[in-house]
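The values are calculated or read from the model by the stated rules, or taken from the named source; none is laboratory data. Quick caveat, the model's predicted, so the values are computed rather than measured. Neighbour counts run over all protein chains shown; Cβ positions are idealised from the backbone, glycine included.
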Amino acid sequence: MSWANRRSDVSDMAGSRIGLRSRLRMNSQPVTPKPAEAGSAPPAQPASAGFPYQTSNSFGGSCGRLALTNGRVVFPDRISTDRALIIEAGRIAGLAHPADLDTDIEVIDVAGRWITPGLIDIHTHGAVGHTFNEPDRVAWTAITRENLRRGTTGLLATFAPTPDLTDGLAFCREWMRADHAGTQVLGAYLESPYVNVAQKGALDASCVRAADDGSAAALLAFADILRVFMLAPELPGALDLVQALNDAGIVPAAGHSSAHDTHVAAAMQAGLRHVTHLWSAMSTVVREGPWRKPGVLEAALTFDGLTAEIIADNRHLPATLMRLAYKCLGPDRLCAVSDALAGAGLPEGSLYTMGGMTYDVHDGVGMVLDRTSFAGSATLLPQMLPVLLDVVGIPVVEAVRMVTLTPARIIGAAAEIGSLEPGKRADLVVFDDAFAAQHVMLGGKWVSRTGE
């Protein structure tokens, strides 16, 4: 029987929440990151050199009909270990028993490695010395190629408020209209100028604007590419802006905010549905006299209808807080993001800039020079998978969902990407036991490093 008639005949290993990873590790010796402490080693960093691409057969080119065998295929709810994953014409076709494969299909044995959907980073500013705020082809090529070789197949180009913000958005629009070799840019994520200056974090205070000053119209002109728009919901005019974003099909997000939970609730009525990087640059509970006033953090962890992000670089948050977010929101409402800046891929001590601000890589993370705030991560999203698995203790299926299907759902792209279900685009990664990317497929085409 051909594989086309065997798609429903699937034998899977469904994992319980406890012990799944240890049963599937076999005889591997994974690298286990230590909990975040000053001076402890961060996840391994990517090389900063420009990364050449090649296309060839067997892990190096396009495929017509292809079967990946002997892999641990990660689906949203299970892991399949005894079926071949079939790719045809750039799409996932389904599963088949290896014995039932047609003779004319190309077969690649992945030797027991993990096969996951391509990772999706919905909040990433840059890498290898560049940011998306630079309207420059060289910068965008370097960032997207570095992300792709690490296993991120889709991302939102994330912008911080700078004086030339609209120039960057215009460049993003043009970039998305053409084909490029690196990670696919799925749209833009805007950390907008409409933030509370008391929670600016590493953002440039000189670029902070009032939400009701009329300047938002120039940004809403990019509604065709904007996927997420972050603002502080307590600001005057913020509720009207949230409503306008929602009407335009843009995900309104709360962040860099000193809001109380009541502000968040009001913004949800206007369409707010996402919260940017939990714990970073956001209010938490305060006392006003004898009364305790919950902040954005408590609202994000308890209000139904909100999704949220954590920066899982083992620096921004200790394991206890990442675990708390996971327990409160679960893998379908919580995604991991890199929030990487230009320091990702640069050596310790490197200086980098965004707009008029200068930062450096210190102790494996981006920091402002006076050490009062982090300045984005120095870690790309695929390198955060071992943190979710080994530090936070999240099962493989759920950890993978937090960096694939959940972010795809947040930005409305889950019908096309985010899982290895039949009909979806064949974006996938072959990972080794330590979850380092070995081979990456984008749209049914293998991308590999020369010299591998």
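Note on segment 240-250: residues that are crowded, with 21+ Cβ neighbours inside 10 Å and under 11 Å from residue 267 (Cα atoms) total 2. For segment 371-379, the condition of being surrounded by fewer than 18 Cβ atoms within 10 Å (Cβ to Cβ) and without any contact (Cβ under 8 Å) to a residue 12 or more places away in the chain holds for at least one residue. When 333, 292 are screened for being of a type in the set (D, E, K, R) and under 26 Å from residue 387 (Cα atoms), only 333 passes. Taking every residue in segment 96-112 that is in contact (Cβ under 8 Å) with a residue 60 or more places away in the chain and pairing it with any residue that is among the small types (Gly, Ala, Ser) and in a strand (DSSP E or B), at least 6 positions away or on another chain, the pairs with Cβ-Cβ distances below 6 Å are 96/84; 101/67; 105/67. Within segment 411-425, identify whether any single residue is surrounded by 24 or more Cβ atoms within 10 Å (Cβ to Cβ), more than 15 Å from residue 311 (Cβ to Cβ) and either of a type outside the set (Ser, Thr, Tyr) or at pLDDT 95 or above (or both), and answer yes or no. Within segment 411-425, one or more residues are surrounded by 24 or more Cβ atoms within 10 Å (Cβ to Cβ), more than 15 Å from residue 311 (Cβ to Cβ) and either of a type outside the set (Ser, Thr, Tyr) or at pLDDT 95 or above (or both). Reported count of residues in segment 356-370, each being closer than 14 Å to residue 203 by Cα and surrounded by 20 or more Cβ atoms within 10 Å (Cβ to Cβ), is 3.
The lone criterion from (1) more than 30 Å from residue 328 (Cβ to Cβ); (2) hydroxyl-bearing (Ser, Thr, Tyr); (3) at pLDDT 95 or above left unmet by residue 450 is number (3). Filter segment 413-444 down to the residues that are touching a helix residue (DSSP H, G or I) at 6+ places or on another chain (Cβ under 9 Å), assigned to a loop (DSSP other than H, G, I, E, B) and small (Gly, Ala, Ser) and list them by number. If the condition is that a residue be touching a helix residue (DSSP H, G or I) at 6+ places or on another chain (Cβ under 9 Å), assigned to a loop (DSSP other than H, G, I, E, B) and small (Gly, Ala, Ser), then 413, 414, 415, 418, 419, 434, 436 are the ones that fit. Applying a threshold of 7 Å to beta carbon distances and a minimum spacing of six or more residues, or different chains, the list of pairs starting in segment 135-147 at a residue that is on the phi < 0 side of the Ramachandran plot and ending at one that is of a type in the set (Ser, Thr, Tyr) reads 144/183; 147/183.
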